[in-house]
Amino acid sequence: MVGMEKSRSTLTQGPIAPTLFRFALPMMAGNLLQQMYNIADTLIVGRFVGSQALGAVGSAYTLMTFLTSILLGLSMGSGVAVSISLGRGDASRMRREVFLSLVIVGSAALILNLAAFCGLEPILTFLQTPAALRDIMGTYLWVIFWGIGGTFLYNYCACLLRAVGDSLGPLLFLGGSALLNILLDLLFVVGLEAGVAGAGWATVFSQWLAGLGLLVYALATRPELRFHRKEMRWDGPCAGHLFRLSFITAAQQSIMNFGILLVQGRVNSFGPTIMAAFAAAVKIDSFAYMPVQDFGNAFSTFLAQNYGAGANSRIRKGFKIAASVSLLFGAAVSALVFLLAEPLILLFIRPHETRILAAGVQYLRTEGVFYCLIGLLFLLYGFYRAVERPAMSVVLTVISLGLRVVLAYGLSSIPSLGVMGIWVSIPIGWAVADLAGCIPLAKFFRTLPREDVQASP
């Protein structure tokens, strides 16, 4: 198949560094755009509606990141399976995996959407939402939940396209969606004065546009992903493999963001000022380390294809290159965030809100100097997914987030530390998880054969 051969040549052949960068850069640019339209909600709401609305939208963003992470994890696990089949040259199995993953992830999206609407009030209680913000946040969440289906479509199609070596298509549709979101934010929030509900509807419309557009693009440009009637059947072994990769990856992603959600609950207990500071700082934080997260995901696809093809030499060289890039980038971004912490926070708040500014700057200068640690952690997550050991990614996530949550609640209870205890818990969790992940990594490379293995289709 022509499409199959074209895809196979993308990541399993050619110079490693240029190949990896060409594939990774559109993914990195795409998620930076996604962060931009997440930031647009926060920035416009903070500037034109007020600090209470900023805190509500920021807290809701943490929840939506958790819900999205479940769908993203399922899609990423499916993408790994497709990449491995692609590397092995097994086109029929790859198409079966596309069909089965659509059924699995689509069903999960529907269940998740219904659960979100039904559980709105308990969610607000779980997040320890202050009474002053409960109505605002409830309104925003009710609107934003209508976009979960669009989020599913975009992430599912994006992961499949990236699995076959196309990272540019998702970028183009996300770029259009990001621009639309900003324009609609300005129209609904500033022009029509629709408040947080307007910001929510702007995001919902943009998400559905990206999801539907990318679905049409994938069907039109990637014939190797179109399953035939004979592949539209239940295949027990294939489905079992998909379940294992998808649900373990979803568990890893959701545990990671559930831990952040628990931390958000502790932040909320300190009141609206700290909530607003955290909302602004986390947006900057996510924007700062998003490139290394996407680089880790791109490396995972690169590695999965080469793992399926038995290209052991490319696996060794690829990891060395990826680790060097991730560490250097993390160090550079840490320096910038530390120096520019104050003007970055001021993008989201008014200059007279000095208490919010001080808390936000304290967060960035405490946690932001350790981006090297999370860069390595994202690389480890991607590595273990690609070599069909996703359970190890879950273990690392439990270590990182579990330790962060325990320390956040414990240290912040010490009067002399207060909210500072939450901030310092984050890099400590990263560091311990990195150490735990590097030990089995070293064993893997010691036992990996030096010579390449010819994969049999």
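The values are calculated or read from the model by the stated rules, or taken from the named source; none is laboratory data. The shown structure was predicted, so the numbers you read here are calculated from the model rather than taken from an experiment. Don't worry about glycine lacking a Cβ; one is built from the backbone with ideal geometry, like all the others, and counts go over all protein chains shown.
Quick look at the values:
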item	result
Residues within segment 89-109 that are aliphatic (A, V, I, L, M) and free of Cβ contacts under 8 Å to residues at least 24 places away in the same chain, tallied	1
All helices (runs of 4 or more DSSP H) inside segment 120-179 with 3 or more residues being under 30 Å from F270 (Cα atoms)	120-126, 131-144
Qualifying positions in segment 189-200 - surrounded by fewer than 22 Cβ atoms within 10 Å (Cβ to Cβ) and assigned to a helix (DSSP H, G or I)	V190, G191, G195, A197
Spans of helices (runs of 4 or more DSSP H) in segment 1-100 with at least 2 residues at pLDDT 75 or above and under 25 Å from the mean Cα position of the chain (by Cα)	16-48, 51-88
Matching residues, segment 396-436, being closer than 22 Å to I248 by Cβ and either touching a strand residue (DSSP E or B) at 6+ places or on another chain (Cβ under 8 Å) or not hydrophobic (A, V, I, L, M, F, W, C) (or both)	T397, S400, G402, R404, G429, D434
Failed item in (1) surrounded by 18 or more Cβ atoms within 10 Å (Cβ to Cβ); (2) without any contact (Cβ under 8 Å) to a residue 24 or more places away in the chain, with G149 passing the rest	(2)
Criterion (farther than 23 Å from F445 by Cβ, in a helix (DSSP H, G or I) and touching a Ser or Thr at 6+ places or on another chain (Cβ under 6 Å)) met by exactly one of A332, A276	A276
Residues satisfying the stated conditions in segment 305-335, i.e. surrounded by 14 or more Cβ atoms within 10 Å (Cβ to Cβ), more than 23 Å from I422 (Cβ to Cβ) and either without any contact (Cβ under 8 Å) to a residue 12 or more places away in the chain or β-branched (V, I, T) (or both)	I315, I321, V325
Complete set of residues in segment 263-287 that are within 13 Å of I426 (Cβ to Cβ), touching a Leu at 6+ places or on another chain (Cβ under 8 Å) and either at pLDDT 75 or above or basic (K, R) (or both)	A281, D285
Filter result (surrounded by 15 or more Cβ atoms within 10 Å (Cβ to Cβ) and either of a type in the set (D, E, K, R) or touching a Gly at 6+ places or on another chain (Cβ under 9 Å) (or both)) within segment 210-224	A210, G211, L212, G213, L214, Y217, A218, R222, E224
Only listed residue being in contact with a Gly (Cβ under 7 Å, 6 or more places away or on another chain) and over 28 Å from V419 (Cβ atoms), chosen from F302, F378, F348, F338	F302
Residue count, segment 110-132 (criterion: in contact (Cβ under 8 Å) with a residue 40 or more places away in the chain and of a type outside the set (A, V, I, L, M))	4
Q253 being buried (at least 19 other Cβ atoms within 10 Å of the Cβ) and modelled with pLDDT under 75	yes
Enumeration of residues in segment 342-352 that are surrounded by fewer than 21 Cβ atoms within 10 Å (Cβ to Cβ) and either in contact (Cβ under 8 Å) with a residue 40 or more places away in the chain or outside any helix (DSSP H, G or I) (or both)	L347, R350, P351, H352
Hits in segment 124-156 - residues which are in contact with a Leu (Cβ under 9 Å, 6 or more places away or on another chain), modelled with pLDDT of 80 or more and of a type outside the set (A, V, I, L, M)	G138, W142, F145, G149, G150, T151, F152, Y154, N155, Y156
